[in-house]
Amino acid sequence: MFNLEKSAQAFAEAKQYIPGGVNSPVRSFRGVGGTPPFIAGAAGSKIYDIDGHEYIDYVGSWGPMILGHAHPAVTEALREALQHGTSYGAPTLLETELAKMVVRLMPSIELVRMVNSGTEATMSALRLARAFTKRNKIVKFAGCYHGHHDSLLVKAGSGATTLGIPDSPGVTGNIAGETLTAEYNDADGLEQLFERYGEEIAAVIIEPVPGNMGMVLPRPGYLQQVRNISRKYGALLIFDEVMTGFRVALGGAQALYGITPDLTCLGKIIGGGLPVGAYGGRRDIMEQVAPAGPVYQAGTLSGNPLAMAAGLTTLQVLAGTPSIYEQLAAKTTSLCDGIRIQADKFDLTLQYHKAGAMFGIFFSAEPVYNYETAKKADTTSFAVYFQAMLEQGIYLAPSQFEAAFMSAVHSDDDIAATVAASASAFARVADSKTR
């Protein structure tokens with residue numbers, strides 16, 4: 001029998017010391033109800049909770065674990081690095097090696113600066129864009145999440161959508177006033193925004209494949225239209241590839257869709273599961289960053305040797321395995337197709353989106369292509385489905401508004417077990433609709 005008694009006790013204790021009992025809001029299970037399992041360990045495609053349950057994991061620490069948990073090459077690299085200390089606050093050869101790898105795999109990046117999180121990366125890229133263009137306004141897209149700094153907590157996705165607080169208290173009107181919001185997949189609306197504010201807009205920042213309003217795909221040609229509009233008005237184009245970088249393709253979404261942004265923000269996979277972020281791009285822009293230029297940005301733990309070792313090893317494995325992305329895409333397609341077959345048996349109409357090793361399912365009869373259509377999804381049915389899957393040992397993102405992730409070590413048996421669990425879960429969803 002599925003029981004989370006120890007996790008419930010741990011959650012109750014955590015709430016006494018940590019706001020809401022968690023250190024990132026979506027982990028609280030507020031969007032799906034119930035108790036979050038407290039995790040004791042992970043290996044390969046599996047995670048294990050303190051109550052003794054094993055789960056097939058499609059969260060993957062929210063994206064970084066593309067090689068699976070505790071990959072032998074990554075753990076060995078960490079073991080070797082750890083022998084020499086954990087942090088120096090000084091330059092290391094590992095930083096340069098990882099930077100060289102990023103520059104080689106993403107040609108739009110000529111110089112790259114390491115930071116500690118995706119939030120730091122997007123925050124720093126926006127400051128740089130404003131300094132470079134000498135303009136103040138930025139454009140973001142409703143439902144795209146770029147971290148929790150003030151400029152971008154306006155119609156944000158991710159946990160903000162789950163909690164129903166897309167505009168966070170504490171963000172001042174002056175800061176929010178410099179952020180313009182467009183609808184994703186609406187090039188005409190973006191053009192109109194630029195027609196009105198073009199000379200004031202420093203940059204457009206976009207998740208090329210959004211994963212924080214659920215996973216949404218760009219319409220054919222849309223990203224090129226965004227590139228053309230930003231260039232027409234002299235604004236920089238920033239691709240937030242914290243999630244998609246090295247996941248949807250070896251060169252990220254910009255390689256998958258053939259777009260060259262001016263700046264790119266990275267994270268997750270480039271740390272191999274350790275805290276990391278980066279931003280990079282055209283040399284003339286990046287040379288404005290201190291100490292090469294006047295735009296200040298610093299960090300005590302930036303370029304941490306453990307994170308550099310894990311990230312470098314992860315990218316080396318990915319780059320050294322030519323067929324890995326084809327295999328990942330095939331696994332993702334197999335899983336989504338299998339789930340679709342089970343849903344059809346119960347006359348449930350769902351929307352399925354996938355790109356590389358990233359996928360998402362919406363409980364919606366209507367196509368989902370932006371924030372407004374994503375919000376129409378049936379979150380109640382998703383919560384029923386989620387809980388039924390969890391009880392059968394399948395760990396999905398605890399929110400309708402988050403993407404899911406495939407790893408290189410998910411097996412055919414994992415996929416078959418997940419599809420089989422979906423049949424039972426969809427039966428429960430169908431039953432809940434008749435009550």
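The values are calculated or read from the model by the stated rules, or taken from the named source; none is laboratory data. Note that the coordinates shown come from a computational prediction; the quantities given were computed from them, not determined experimentally. Here the Cβ positions follow ideal geometry from the backbone for every residue, glycine too, while neighbour counts run over all protein chains shown. Surface accessibility is based on the protein's heavy atoms, side chains included, excluding ligands, DNA and RNA. Shrake-Rupley method; radii C 1.70, N 1.55, O 1.52, S 1.80 Å.
When each of 261, 220 is tested for being open to solvent by 40 Å² or more (accessible area, probe 1.4 Å) and in a loop (DSSP other than H, G, I, E, B), the lone residue that passes is 220.
Please tell me if residue 48 is assigned to a strand (DSSP E or B), out of contact with any Pro (no Cβ under 7 Å at 6 or more places or on another chain) and either open to solvent by less than 50 Å² (accessible area, probe 1.4 Å) or among the β-branched types (Val, Ile, Thr) (or both).
When the stated conditions are applied, residue 48 does not pass them.
As for segment 172-183, it holds at least one residue that is assigned to a helix (DSSP H, G or I), of a type in the set (Val, Ile, Thr) and open to solvent by 50 Å² or more (accessible area, probe 1.4 Å).
For segment 216-241, taking the residues that are touching an Asp or Glu at 6+ places or on another chain (Cβ under 8 Å) and either modelled with pLDDT under 95 or among the aliphatic types (A, V, I, L, M) (or both), the one that is farthest from residue 137 (Cα to Cα) is identified as 229. Scanning segment 184-217 for residues that are assigned to a loop (DSSP other than H, G, I, E, B) and of a type in the set (A, V, I, L, M, F, W, C), we see that the one that is most open to solvent (accessible area, probe 1.4 Å) is 217.
For residue 102, the conditions (1) closer than 24 Å to residue 385 by Cα; (2) open to solvent by less than 20 Å² (accessible area, probe 1.4 Å) are fulfilled apart from (1).
Residues that are touching a strand residue (DSSP E or B) at 6+ places or on another chain (Cβ under 9 Å) and among the aliphatic types (A, V, I, L, M) were ranked within segment 353-387; the one that is most open to solvent (accessible area, probe 1.4 Å) is 365. Within segment 290-319, if we keep just the residues that are among the polar types (S, T, N, Q) and not in a loop (DSSP other than H, G, I, E, B), the residue that is farthest from residue 119 (Cα to Cα) turns out to be 316.
For segment 290-327, the set of residues classified as of a type outside the set (Gly, Ala, Ser) and over 18 Å from residue 94 (Cα atoms) consists of 291, 294, 295, 296, 297, 321, 322, 324, 325, 326, 327, listed by residue number. Being within 22 Å of the chain's Cα centre (by Cα) and among the charged types (D, E, K, R) is the filter here, so list the residues in segment 308-352 that pass it. Listed by number, the residues that qualify are 326, 331. Candidates 418, 333, 349: the one that is assigned to a helix (DSSP H, G or I), among the polar types (S, T, N, Q) and open to solvent by 30 Å² or more (accessible area, probe 1.4 Å) is 333.
Can you find a residue that is part of a helix (DSSP H, G or I), among the β-branched types (Val, Ile, Thr), in contact (Cβ under 8 Å) with a residue 40 or more places away in the chain and farther than 21 Å from residue 245 by Cβ anywhere in segment 359-372? No.
Scanning segment 264-289 for residues that are part of a loop (DSSP other than H, G, I, E, B) and of a type in the set (A, V, I, L, M, F, W, C), we see that the one that is most open to solvent (accessible area, probe 1.4 Å) is 274.
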